[in-house]
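The values are calculated or read from the model by the stated rules, or taken from the named source; none is laboratory data. No experiment lies behind these values; they were computed from the predicted model shown. Counting neighbours? That spans all protein chains shown, and the Cβs are built from the backbone with ideal geometry, glycine included. What goes into the accessible areas is simple: the full protein's heavy atoms, side chains included, and nothing from ligands, DNA or RNA. Shrake-Rupley method; radii C 1.70, N 1.55, O 1.52, S 1.80 Å.
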Amino acid sequence: MRLEITRKTDLAIRAVIVLGQRAQKTKAPILADAIHTTSGFLSQVMTPLVARGWVRSDPGPTGGYTLMVDMQTVSVLDVIEAVEGKMDETRCVLFARACSAIDPCAIHGPWGRARAEMISELRSTTLDQLQLPTF
């Protein structure tokens, strides 16, 4: 995973929070509007959430999205990795290669400690702890 999080991940987190605030199925256009995206992009955002079983997608005119998990059981890191892919903890922040104690870059030590702290924080923060900012 890169250091930056994509818009797709931001929208996935927002979508889960919005669905968690609603007790019923939410139609795609309503959800897209709530998280400030298009219905077309929403389906791309929701695909990894549906694949993980966190969200159910019902097609058709009476369809929509339903949250299937308790937001206390899904961490921010879970969503990041669902959308962006598994975090690569060996990738060097300075060069396009693996970084290790045997062949370290100039900031290997402090970067490794900072990355470990960031991963720990993202893993321990569950989606129920987040609030959507108002636009």
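I need to check one value: relative contact order of the chain, counting alpha carbon pairs closer than 8 Å and at least 6 residues apart, in percent. Display every interim value, and only then the final one.
Working: 149 pairs, mean separation 38.6, N = 135.
Once divided by the residue count of the chain, the mean separation gives 29 percent.
Working note: Karplus 6.51/-1.76/1.60 with θ = phi - 60° gives the stretch 95-106 the couplings 10, 7, 7, 6, 10, 9, 5, 6, 10, x, 8, 5 Hz, where Gly and Pro are set to x.
For Asp88, the accessible surface of its heavy atoms amounts to roughly 60 Å² (probe 1.4 Å, protein chains only, rounded to the nearest 10).
Measure off, as a whole percent, the carbon and sulfur share of the 1.4 Å-probe accessible area of the stretch 1-128, all protein chains present. Of all accessible area on the stretch 1-128, carbon and sulfur atoms account for 55 percent. Amide hydrogen proximity for Trp54: with H placed 1.01 Å from N in the peptide plane, no residue at 5 or more positions away or on another chain lies under 5 Å. Among the cysteines of the chain, Cys105 have no other cysteine beta carbon within less than 4.7 Å of their own.
Among Val55, Val69, the order of accessible area from largest down is Val69, Val55, computed with a 1.4 Å probe on protein heavy atoms.
Amide H contacts of Gly64: Asp58, each under 5 Å away and 5 or more positions distant or on a separate chain (H built 1.01 Å from N in the peptide plane; Pro and chain starts excluded). Every helix of 4 or more DSSP H residues in the chain counts as -39500 (n - 2.57), and over all residues that averages to -14000 deg cm²/dmol at 222 nm. Per-residue 3J(HN,Hα) values for the stretch 116-127, derived from phi via the Karplus relation 6.51 cos²θ - 1.76 cosθ + 1.60 with θ = phi - 60°, read 4, 5, 5, 4, 4, 5, 5, 6, 8, 9, 8, 5 Hz in sequence order (x marks Gly and Pro).
Please compute, over every Cα-Cα pair in the stretch 1-124, the percentage with a separation greater than 26 angstrom. Here the long-distance tail beyond 26 Å is 32 percent of all Cα pairs in the stretch 1-124.
Expressed in nm to one decimal, what extension gain is obtained for the pair Lys8 and Arg22 from 0.36 nm per residue of sequence separation less their Cα-Cα distance? Mind showing how you got there, number by number?
On the way: separation 14, 0.36 × 14 = 5.04 nm, distance 2.11 nm.
Gain on extension, Lys8 to Arg22, equals 2.9 nm.
One equal scatterer on each Cα of the stretch 1-50, no solvent, Debye formula: the resulting log10 I(q)/I(0) at q = 0.13, 0.22, 0.32 Å⁻¹ is -0.28, -0.74, -1.39.
Over the chain, give the accessible area per residue in Å² for a 1.4 Å probe, as an integer.
Numbers: 7920 Å² over 135 residues.
It amounts to 59 Å² per residue over the chain.
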